[in-house]
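Readers should treat all values here as calculations from the given coordinates under stated rules, not as data from a laboratory. Keep in mind the model is a prediction, meaning the values are calculated, not measured. Note that each Cβ is placed from the backbone with ideal geometry, even for glycine, and that neighbours are counted across all protein chains shown.
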Amino acid sequence: MKSLRKFAATLAAATAVAGISAHAYAQECVDPGQLVFSIIPTEETTQELDIYQPLLKAMKEKTGKSIEFFMPTSYASVIEGMVNGWVHVGVHGPNSYVLAHEKDPKLEVFATYTKTKGHFQEEGPGYRAVLLVGAESKFDSIDSLKGTVVGLADPASTSGNLMPRMVFGEVVKTGPEIEQYFSRVVYTGGHDQSALAVKEGRVDSAFVATHRLDNVIDRELAKPSDFRVLWESDIIPQDPMVYRNDLCEPIKAAIRESFLTLHENPDAKPLFDGIKSTKFVPMEDKDYDIIRMLVEAEKAAEGK
């Protein structure tokens, strides 16, 4: 590709008199007939699809294209859909975005959302991973959890797998192999399942994202008083809104505008209320470098 660009530049210079410009050799951008949108699966994906309708309508109006929703089965299915080019816009988790961008640099974050203060969530465009135990649990410290059963959300989850292994693992001196500290590590399939597994005593503790825990409480599946927090991480950037950057620039600009101006639309209030937010804000790839550092540390620990 580098040699092709060099050739194109040389040819353009040599034929300037004939009016041939270098951009004629640039790679053609993608202008699909319709845009496919997807979001990482959560405890309320179906509900989120309903509340995302004002956004889908805004994207349709601003891009002039029909919008199809792809219902994913896992974090990985959203990644693969975007890497393979048939999902054009997606909501990822921070870790799943970094994994996806590593597979295909054509995937680019352009926005995230701010969060309002909740039961466990603090205000701002970030959240924390917390280690929960039941309110009536006998466990009252990290040390007391040694040899117990812990719940993780999904292998591609930032707060439900990466942070526990790479940050909490340093706290308990195991590194990423937290299996050495706990008697068993269980992947529950999601943050809601992790929180409910703690509440119902099916695991002794679990790592859950603060905003996802708030969602469980707001759905009246649990109460704040059902849980105690024994550990919390530093701030993690919120879920990134991602598009393929090989889309034609007018399409990308229209997508960005759809997100970043959505709070001006009264019809979008249920969306922002539903995700406990006030607006989407711009984000860049470098904002997720903290996640990359964790991923690199994990790879180094695994000898990759």
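A few points about this structure:
- Between Trp86 and Ala135, the contour length at 0.36 nm per residue exceeds the Cα-Cα span by 13.1 nm.
- Between Ser77 and Ser144, the simple label model (points 7 Å from Cα in the Cβ direction) yields a spacing of 4.0 nm.
- In a simple Cβ point-charge model (Lys, Arg +1; Asp, Glu -1; nothing else charged), the chain has a dipole of about 560 debye relative to its Cα centre.
- Calculated [222 nm] ellipticity per residue, helices only, for the chain: -9500 deg cm²/dmol; basis is -39500 (n - 2.57) per DSSP H run with n ≥ 4, divided by all residues, nearest 500.
- Against the chain, whose longest principal axis comes from its Cα atoms, helix 289-301 is set at around 70 degrees.
- Note on Asp50 and Arg219: the extension gain reaches 59.3 nm, defined as 0.36 nm multiplied by sequence separation minus the Cα-Cα distance.
- DSSP beta bridges in the stretch 126-236 [antiparallel fraction, %, rounded to 5]: 60 percent
- The convex hull of the Cα atoms of the stretch 126-236, projected and averaged over all directions, covers 5.9 nm².
- For Leu162, Leu247, the sequence from fewest to most other C-beta atoms within 10 Å is Leu247, Leu162.
- Normalised Debye scattering of the chain at q = 0.07, 0.08 Å⁻¹ gives log10 I(q)/I(0) of -0.32, -0.40, counting only Cα atoms as equal scatterers and leaving out solvent.
- Cβ-Cβ FRET estimate between Ala253 and Glu68, R0 fixed at 22 Å, reported to 0.05: 0.60
- Other-chain or far-sequence residues with amide H under 5 Å of Phe227's (modelled H): Ala135
- Neighbour-count ranking [beta-carbon atoms within 10 angstrom, fewest first] of Met71, Met59, Met283: Met71, Met283, Met59
- Separation of the alpha carbons by more than 19 angstrom is noted, of Lys117/Lys279; Lys117/Lys223; Lys146/Lys173; Lys117/Lys276; Lys173/Lys299; Lys117/Lys199, for Lys117/Lys199.
- Fully extended contour minus Cα-Cα distance, from Glu284 to Glu177, at 0.36 nm per residue: 35.4 nm
- Degrees separating the helix 249-260 axis from the principal Cα axis of the chain, which is the longest one: 30 degrees
- Counting every other Cβ atom within 10 Å of each residue's Cβ, Lys138, Lys223 order from fewest to most as Lys138, Lys223.
- Rounded to whole Hz, the Karplus (6.51, -1.76, 1.60) HN-Hα couplings of the stretch 167-177, x for glycine and proline: 9, 4, x, 6, 5, 9, 6, 10, x, x, 7
- Antiparallel DSSP beta bridges within the chain, as percent of all bridges there, nearest 5: 60 percent
- In nm, spacing of pseudo-spin labels at Val229 and Thr116 (7 Å Cα→C-beta vector): 1.9 nm
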